1. Which pairs do you get when a residue that is part of a loop (DSSP other than H, G, I, E, B) and modelled with pLDDT under 75, found in region 104-118, comes within reach of a residue that is surrounded by fewer than 14 Cβ atoms within 10 Å (Cβ to Cβ) and charged (D, E, K, R), reach meaning Cβ atoms under 7 angstrom, with the pair 6+ apart or on two chains?
2. Do we find a residue being in contact with a Lys or Arg (Cβ under 6 Å, 6 or more places away or on another chain), part of a loop (DSSP other than H, G, I, E, B) and closer than 15 Å to S304 by Cβ anywhere in region 169-190?
3. Determine which single condition F142 fails, assuming it passes every other condition in (1) part of a helix (DSSP H, G or I); (2) of a type outside the set (A, V, I, L, M); (3) out of contact with any helix residue (DSSP H, G or I) (no Cβ under 8 Å at 6 or more places or on another chain).
4. Filtering region 159-213 down to residues that are of a type in the set (G, A, S), in contact with a helix residue (DSSP H, G or I) (Cβ under 8 Å, 6 or more places away or on another chain) and under 22 Å from V299 (Cβ atoms), which residue is surrounded by the most Cβ atoms within 10 Å (Cβ to Cβ)?
5. Just to verify a result, which residue in region 57-102, among those that are free of Cβ contacts under 8 Å to residues at least 12 places away in the same chain and assigned to a helix (DSSP H, G or I), is surrounded by the most Cβ atoms within 10 Å (Cβ to Cβ)?
6. Return yes when W206 is assigned to a strand (DSSP E or B), in contact with a Lys or Arg (Cβ under 7 Å, 6 or more places away or on another chain) and modelled with pLDDT of 60 or more and no when it is not.
7. Let me confirm something: among P277, P264, which residue is surrounded by 15 or more Cβ atoms within 10 Å (Cβ to Cβ) and at pLDDT below 80?
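The values are calculated or read from the model by the stated rules, or taken from the named source; none is laboratory data. Please read these numbers as outputs of a predicted model, since none were measured by experiment. Please note: Cβ atoms are built from the backbone with ideal geometry, for glycine as well, and neighbour counts cover all protein chains shown.
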Amino acid sequence: MDSTDTAPDRADRRLGRRALLGAAGLGVIGAGTAAVAGLRTGGAEPVRARTVAFHGRHQAGILHPRQAHARLAAFDFGARPDRGRAAALLLRWSTAAERLTRGEPVGEELSPPGSRAADTGAALGAGPASLTLTFGLGASFFDRVAMAPARPEALAPLPAFPDDQLDPARSGGDLFVQIAADDPLVTVHALRTLQRLAHGEAALRWTMAGFASAPEGASAGGAHRNLMGHLDGTANPDPADPARLARIVVSDPAAPAWRPDGAPDAGMLFLAWQSDPRTGFVPVQHRLARGDALARYVVHEASSLFVVPGGAAPGTYVGQALLEG
């Protein structure tokens, strides 16, 4: 997680900038920004009616243009995970994700045994709003389900960087999900659904939320100015150029929680999708550590690394080839 503060007093007011890194050979992340103006944008179809297919060669939410709201979350397995139970959970999540991205309710038949929670229907009528759910697996996932030999070498622990003040409670995790949509209610409902379907198998470890755009005209050229004062998206690469480092910057909500010293617990979330962080993210971070003028204002507070499996075909689930291959 990247937390930032514009005050120059580094000792009291700096927050953080490092963030989540998805490791996968999936090309680059979409760099476009969806400008939201009420329920319609530029006279096109209603924003809330837009859909992004869940199935495909790659998971949705990587190449798709950036939505207005994002919610990141990590889960940890319970005391007795195994390969079969992990597969059952990912099947439930994939089935639910397919329905949610179509704007459909998730039936109670997906609820795990012993679960008393039900779908609240809170997002009914909100539509899919370009919802995407992107799942990842942490290095600990492979240990918990006795698949350590299958863990990719690219999931090697990231090295320590200067100014790291990482909070273990907001880092790592067995499972990861990026939930993004053009309606924040849709993202909240999707996360609550995943929690309900994980009953008895996995519990929420941490979650962070943010926004990636603002209503058109909110700032120069309609782009969103983040909490550091920069225009979000101006440094994002062209998705057609896979040679460039892919990244997306998401600002935390404008009504953040507050720390005991009065500073806002808010900042920046940074995600990078690349084939091997050892040859991409790590060298870049080392170079920034040697001469980044922004370092005086920031501190890295959370960091996680996940492998993102390929997309799922109809009738399959994310991670099936790994777990059943």
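1. Listed by first residue and then by second, the contacts come to A118/E108.
2. yes
3. That leaves (3) as the condition not met.
4. G173
5. R99
6. Yes.
7. P264
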